[in-house]
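What follows is a set of notes on a single structure, which appears directly below.
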Amino acid sequence: MEVIDAHVERLLRDEVAHILDEVGTVDARLQELRGKDDEDSRVEYLVLSAYKSQLMEDLDELLGFAKSHNMEAVGWHAPAQQPQQVGYV
């Protein structure tokens, strides 16, 4: 069972890192769109805001699952064999 738990924990960390990266990308684009008055920018802002909200809900669910199963979902992440610290904002 420890092997499965370790695998699930690794998958959780990978997914949390992916979501955090995606939230950062969306936030950067939202910052670019602030203050623009054209309709396309307003529509994109609304869509990205909804997407960010969904990402945050997904993140909350993953972290809740990890907590309820005493798993570490945020920590060291090694996507390319090089450790990189990932933090939850």
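Placing a pseudo-label 7 Å from each Cα along the Cα-to-Cβ vector at Leu11 and Ser41 gives an inter-label distance of 4.2 nm. Once label points are set 7 Å from the Cα along Cα→Cβ at both Ser68 and Ala50, what is their separation, rounded to one decimal in nm? Going by the 7 Å Cα→Cβ label model, 2.7 nm. Protection proxy ranking of 58-69, 34-45, 5-16, by the mean of other Cβ atoms within 10 Å over each peptide's residues and highest first, is 5-16, 58-69, 34-45.
A short reminder: the numbers here are calculations on the coordinates, not readings from a lab. Here the structure is a predicted model, which is why all the values come from computation and not from measurement. With ideal geometry, Cβ positions are generated from the backbone for all residues, glycine too; neighbour counts draw on all protein chains shown.
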